[in-house]
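Beneath this line is the structure, given in structure tokens, with notes to follow.
The values are calculated or read from the model by the stated rules, or taken from the named source; none is laboratory data. Keep in mind it's a predicted model, so treat the numbers as computed, not measured. Using ideal geometry, Cβ is built from the backbone for each residue, glycine included, and neighbour counts are taken over all protein chains shown. Remember, those area values only see protein heavy atoms, side chains included, never the ligands or the DNA or RNA. Shrake-Rupley method; radii C 1.70, N 1.55, O 1.52, S 1.80 Å.
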Amino acid sequence: MQWIFIYIKEEFQINIAIVDDMASDREILCNLLKQSINNYPHPIQITEFHSGGEFLCHYISNSYDIVFMDIFLSHENGVDCARKLRELDENVNLIFLTTSWEFGVKSYDVRATDYIIKPATLGKLKRALRYCKIPEQHCIPSILVTTKNQSLEIALNRILYADYQKRAATIHLKDCLIPVSGSFSELSGQLTSYPQFMVCFKGIVVNLTEVGELGRDFLIMKNGEKLPVSRRMQRQVQQQRLRLSAGSLRGDML
């Protein structure tokens, strides 16, 4: 797996994956992407995969904005890989790479954004990119973590809480769990730099906007999960929740 970084100063990052068993084709597409996004207003990260299996093995929902998938992979069918991708992520922009226009019709089965007939050209690529829908997440605060040997940007409004158990840090999202590499103190520091996150118990940082009820020594999340709260932190948690609900910290959260 090869990493290519294209950095342009801005808050929001666009993540692109290229799944193609031909190194030469990956190189061509990477070079074309560099040309097409030369004046793009956001930083771009491109990750290359030589097989669908490698790509799907490390895939986490919402980790990529655009996926280029070759239909003809060694010992694999790109369309089958795309179907598995759709089971993991319904929203990612999917662009097929193919050697024949006849296979473009298969793109409808997996709701592909577009398809590019090889060899890729700048014109074909720009046309496909115009069809991509990328949410304006650059207005939403996020943190950058490392998981499964890859960088992942997570919007704060997706995080319920983070905890440290069995010598491992985990971020609990609304739809999945993200194991995080590195120290929990570093992760905790990233989160608590925002007013909606507080340490409620040793090894637990909670998103107060996702708390539904605060008890004597526990809190209940809006999704029904129950987390402990130390008595020492109970009053501070309650006060911070009141500030957040009053909107006095809204500017710091955005």
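Using a 1.4 angstrom probe on heavy atoms only, work out the carbon and sulfur share of the accessible area of the stretch 16-69 in %.
50
Just want to confirm a number: the relative contact order over the stretch 108-227, from Cα pairs under 8 angstrom separated by 6+ residues, in percent.
14
Leaving out ligands and nucleic acids, and using a 1.4 Å probe, what accessible area per residue does the stretch 62-221 come to in Å²?
Values: 8040 Å² over 160 residues.
Here the residues of the stretch 62-221 average 50 Å² of exposed surface.
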Candidate cut points under GluC sites (Glu not before Pro) in the stretch 160-251, DSSP loop plus at most 15 other Cβ atoms within 10 Å of their own Cβ, are Glu225
In the stretch 167-229 the accessible area split gives carbon plus sulfur, as whole percent at 1.4 Å, a share of 51
Set Lys84/Lys133; Lys118/Lys148; Lys148/Lys226, cut-off 25 Å on Cα-Cα distance; pairs above it are Lys118/Lys148; Lys148/Lys226
Mean separation of Cα contacts under 8 Å (at least 6 apart) over the residue count of the stretch 163-207, i.e. the relative contact order in percent, is 30
Percent relative contact order for the stretch 33-93, counting Cα pairs under 8 Å at least six residues apart, stands at 36
